[in-house]
Structures are given as structure tokens and as C-alpha cells.
Amino acid sequence: VSEVHVAAGSLRGAVLNPAADGRLQVWPCAEVRWVGGRISEVVACDGPADRVLLPGFVDLHCHWPQSHVRGQFGGQLLPWLRGAIWPAEAAFADPSVASARAEAFLAELLRAGTCAGLLFGPPFLDASLTLLERAPRGFFDGPALMECNAPDALLAPVASTLDQLATVAPEVRRRLVVSPRFAPNVTAAGLDACGQVATRWRLAVQSHLSENLDEVAWVRALFPEALDYTDVYDRSGLLGPRTVMAHGIHLSERELARLAATGTWVAHCPTSNEALQSGRMPLERLRAAGVSWVLATDIGAGPLLSQLDAMRAFVEIHRGFADATATEALARATVLPGQFLAQLDPACAGLGTLTPDAPAHVVALPLPPGHAGPRTSDDAEALLRAMLHSPRANLETLPCEVVCWGRTVAGA
Ligand SMILES: [Zn+2]
């Protein structure tokens, strides 16, 4: 007798279901049901609801080996990397450190409501493989590739690290991300090797682009033959719809047009931009150019694992400059990054939504005090804003329950 164990479950509350086109489906009270790890149906019920149900968050830019040192700043980007981050990541060469930190990070990330994402590892392939062994399907990770301009303990020839991917089992390899840390840490030949390997194995690519003016000047000095910072990656074949570039703050019109033309995604990390004083990302210019973008935490420059904190900072930072609603922030932290991951794994189809057949990732949050619950999308905007105004330190543990692939992973 073959018996398939199909775990079923449900949660009840006011349901906010974001769509990729920016619309928000609102259920004043509904039951979200799932079977076998996927949502089976959403059924209206009689209220009042006492909690809010959102899809699990999706974070496309998060450095897991920095989670234990987040919030420790030593000035702007380059001194912070050299003084705080690189020494912290060097410790992950020790497999016992990597395994303990991977375990702790995943527990905290799921607790914060993030059920899928693209992660940046330390510069050691084994550490990324350790993380992937423990992470639910829907998480992707790559070692930060570094071969120059950093302490020796972090450096290895990029081409030889990439050669090792051939020995990784195919089902694991497709969850690896080609992750040149940023242009200053990789030679032009190393970047070419990244582009070739990403094409050969059809892997996602992630890196950093134009976060800080000192960084931009450094790249110009290191790659005088390139048109600009974006071109450094472009000439190695590293732009495209399976690529996420973090930040993109200081870009020319040519660069924005090139990102749009190649379908490259930008991860906008407003809490990180605040913390490292990198400047406000010119959201209105990205919109005008038609660049695809999502919201991300950029742990550990971003101090909190919660996408709610990135949503809060997004609404605040762009006030007076660009239209930035909490409703849009929700879509940029769920369904849109979910669409990026669905390109990499068909099991991720529907990720970041609460619709039938989507992965059963659900975050239940308390209704803010005094809030009656939403009946319309205007109410939902007000409700989301009220949730984002919770004391910032509480945001990571605000979810009362988190469900990932139909399994309760926090709360309840
Ligand atoms: Zn980053």
C-alpha cells in the first residue's frame, strides 16, 4: 500500500493578497487552507477577524553570514566591509561555525516571516552548501566570490571555485547563485568565468552595483576600459532576467536603460541605505526607465531580518520624492520577488501570493490595536501603515504564526 502523507491545515483572518500588477485583493475575513504544502483554497468566513494574513515574505538580497553582526557599523560601505564584515565572514571557513550560524539564521529568518529568498553566503562554497542542506526549498544561496582587493583569508581564484560546481549534485547546483561579491573583488577574467558558468548551468546571478560614491570611483579606477559600473558586469554577460543587482543608487541614464533592456532586477534595500548613509535610491528614475525592482533587507547592513522593516523604511524614505505606498511595498516584498524565484524553480510558482496552488507560506500578524480590519483596499493601506508603525524593535517577532510549505515554523 502506498500512502502519501498529505498535511492539511488552515489559518483564519483578514487576508491581504498582493498581485504582481499592484492590485491588492482584500478579504475582511477568510480561511486560507492548504494541503501537501500548497494552498488549496481561500474561503470567505464571518468576521470579525482578529489577525491579518499575508503571504510569506521573499527576500532577494540578504547576507546570512552577517546576521550575527548586523547593526555594527563603522562608517560608510568600504570601511564597514573592511573593519566589520570581512573579518566576521572569515570565520565561516570553519564548518562548525558555518553550520551553527546557518541553523540560527534560518530559524530567525523564518520567525520574521521570510519563507524564500536569494542569499549571499560567505566566500566558501562548503558554507553555502551547508546552508542549502538546512533551508526549505525556495531558498537559493551562493558563496561571495572574491579573488582580489580583500584580506587573503577570504580570497580564492574565482574560476577554480566555479569549477567545483561541476561536482555538485544537479538538484543542489540549481539552488546555487553565481555571486561575484562586487566588481572590486573580482578580476575581469573572473567576471567572465562567472558569466560563462551562469549561462552553462542556467543559474541565477547576484552582485552589488553603485551603492556608494567611493565604491563607484574605485570601480572606475579598476576597470578603465568599461563604460561605467553597469558595463563591468554587462561585458561579462552577467545582466539579464535571472540577475539581481543590489542597490543601484548612483546610476546614469545609460545604465538604467541597460538594466531595463536586459531585464535585470534591482534589489532596493532602504534600511541598508539609511544605515550606511549611501543616499536615497532614486526610485522615480528607476520607474521612468522601466527597471524591475524589489524590496530587500540587505542583512547585515540592514539591521532587521523583517521585510516589514524594509517596507517601513521604503514608505518613509521616498515620502515627498516618489509615490511609495505600503500596498506597493508589500507586493515588492512578496509577489514580485516570488516571480523572480519562480523562474529558477517551478515549485515556486505563485510564491508571495495567497492563491490556490501557491506554496503554503502564510504570515499571521496581530491586528494593530484599535484597528477594525480592512473592508476595502484603502482600509488595507491604512492597516499596513499601522502595522509598519509598530515599535521597530518588535517587527522581527511581530508575526504570531508563520507557515512555510504548510508547516508551522514559528508561533502558534
Ligand atoms: Zn549586500
Handout entry: Counted residues, segment 50-75 - those being on the phi > 0 side of the Ramachandran plot and surrounded by 17 or more Cβ atoms within 10 Å (Cβ to Cβ)
Key = 0
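Quick one: which residue in 298, 323 is part of a loop (DSSP other than H, G, I, E, B), touching a His at 6+ places or on another chain (Cβ under 7 Å) and among the charged types (D, E, K, R)?
Numbers: 323 fails: touching a His at 6+ places or on another chain (Cβ under 7 Å).
Among 298, 323, only 298 is part of a loop (DSSP other than H, G, I, E, B), touching a His at 6+ places or on another chain (Cβ under 7 Å) and among the charged types (D, E, K, R).
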Exercise for the section: Might you let me know whether segment 270-288 holds any residue that is modelled with pLDDT of 95 or more, farther than 30 Å from residue 9 by Cβ, small (Gly, Ala, Ser) and in contact with a helix residue (DSSP H, G or I) (Cβ under 9 Å, 6 or more places away or on another chain)? Expected result: yes
Practice task
Search segment 323-343 for residues that are of a type in the set (Asp, Glu) and pair each with any residue that is open to solvent by 20 Å² or more (accessible area, probe 1.4 Å) when their beta-carbon atoms are under 9 Å apart and the residues are at least 6 apart or on different chains.
Solution key: 323/284; 323/287; 328/22
Exercise for the section: Provide a single number: the residues in segment 360-380 that are open to solvent by 20 Å² or more (accessible area, probe 1.4 Å), in contact (Cβ under 8 Å) with a residue 60 or more places away in the chain and not in a strand (DSSP E or B). Expected result: 6
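Tally time: how many residues in segment 382-401 are assigned to a helix (DSSP H, G or I) and either open to solvent by 30 Å² or more (accessible area, probe 1.4 Å) or small (Gly, Ala, Ser) (or both)?
Initial filter on segment 382-401 (assigned to a helix (DSSP H, G or I)): 382-388, 392-397.
Now drop any that are not either open to solvent by 30 Å² or more (accessible area, probe 1.4 Å) or small (Gly, Ala, Ser) (or both), which leaves 382, 385-386, 392-394, 396-397.
Total satisfying the criteria: 8.
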Exercise for the section: Report yes if some residue within segment 24-32 is open to solvent by 10 Å² or more (accessible area, probe 1.4 Å), modelled with pLDDT of 95 or more, within 30 Å of residue 246 (Cα to Cα) and of a type outside the set (A, V, I, L, M); otherwise report no. Expected result: yes
Practice task
Look at residue 26 and say whether it is of a type in the set (A, V, I, L, M, F, W, C), more than 16 Å from the ligand (Cβ to nearest atom) and farther than 21 Å from residue 138 by Cα.
Solution key: yes
Exercise for the section: Hey, can you tell me all the residues within segment 219-246 that are among the acidic types (Asp, Glu) and closer than 18 Å to residue 266 by Cβ? Expected result: 228, 231, 234
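So in segment 199-215, with the set limited to residues that are under 16 Å from the mean Cα position of the chain (by Cα) and not polar (S, T, N, Q), which one is nearest to residue 281 (Cα to Cα)? Full working, then the answer.
Filtering segment 199-215 down to residues under 16 Å from the mean Cα position of the chain (by Cα) leaves 204-209.
In the following step, the residues that additionally are not polar (S, T, N, Q) were identified as 204-205, 208-209.
Values: 204: 24, 205: 21, 208: 14, 209: 12 Å.
Restricting to residues being under 16 Å from the mean Cα position of the chain (by Cα) and not polar (S, T, N, Q), the top hit is 209.
Looking at this structure, is residue 31 among the charged types (D, E, K, R), touching a residue at least 60 places away in the same chain (Cβ under 8 Å) and more than 22 Å from residue 394 (Cα to Cα)? Even if it seems obvious, please write down each step before you answer.
Working: among the charged types (D, E, K, R): yes; touching a residue at least 60 places away in the same chain (Cβ under 8 Å): no; more than 22 Å from residue 394 (Cα to Cα): yes.
No.
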Fill in the blank from the handout: With the first residue restricted to segment 152-177 and required to be under 16 Å from residue 205 (Cα atoms), and the second required to be surrounded by 12 or more Cβ atoms within 10 Å (Cβ to Cβ) and hydroxyl-bearing (Ser, Thr, Tyr), Cβ contacts under 8 Å at 6 or more apart or on different chains are 158/187; 176/128
Exercise for the section: Might you let me know whether segment 280-295 holds any residue that is within 13 Å of the ligand (Cβ to nearest atom), under 21 Å from residue 76 (Cα atoms) and part of a loop (DSSP other than H, G, I, E, B)? Expected result: no
Exercise for the section: Quick one: residue 80 ticks every box in (1) surrounded by fewer than 21 Cβ atoms within 10 Å (Cβ to Cβ); (2) within 14 Å of residue 64 (Cβ to Cβ) except a single one, so which number is it? Expected result: (2)
Exercise for the section: State the number of residues belonging to segment 112-129 that are open to solvent by less than 10 Å² (accessible area, probe 1.4 Å), part of a loop (DSSP other than H, G, I, E, B), more than 21 Å from residue 400 (Cα to Cα) and away from the ligand (no atom under 16 Å from the Cβ). Expected result: 0
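With respect to residue 310, determine if the residue is modelled with pLDDT of 95 or more, under 15 Å from residue 275 (Cα atoms), small (Gly, Ala, Ser) and open to solvent by less than 10 Å² (accessible area, probe 1.4 Å). Spell out the reasoning first.
Working: modelled with pLDDT of 95 or more: yes; under 15 Å from residue 275 (Cα atoms): yes; small (Gly, Ala, Ser): yes; open to solvent by less than 10 Å² (accessible area, probe 1.4 Å): yes.
Judged against the criteria, residue 310 is a match.
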Exercise for the section: May I ask you to say which residue of 109, 132 is within 16 Å of the ligand (Cβ to nearest atom) and either closer than 25 Å to residue 185 by Cβ or in a helix (DSSP H, G or I) (or both)? Expected result: 109
Handout entry: Criterion violated by residue 63 - all others in (1) modelled with pLDDT under 95; (2) under 24 Å from residue 340 (Cβ atoms) satisfied
Key = (1)
Practice task
Could you list, in sequence order, all residues of segment 248-279 that are within 15 Å of the ligand (Cβ to nearest atom), surrounded by 18 or more Cβ atoms within 10 Å (Cβ to Cβ) and in a helix (DSSP H, G or I)?
Solution key: 270, 271, 272, 273, 275
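The values are calculated or read from the model by the stated rules, or taken from the named source; none is laboratory data. None of these values were measured; they are calculated from a predicted model. Using ideal geometry, Cβ is built from the backbone for each residue, glycine included, and neighbour counts are taken over all protein chains shown. These area figures cover heavy atoms from the full protein model, side chains too; ligands, DNA and RNA do not enter into them. Shrake-Rupley method; radii C 1.70, N 1.55, O 1.52, S 1.80 Å.
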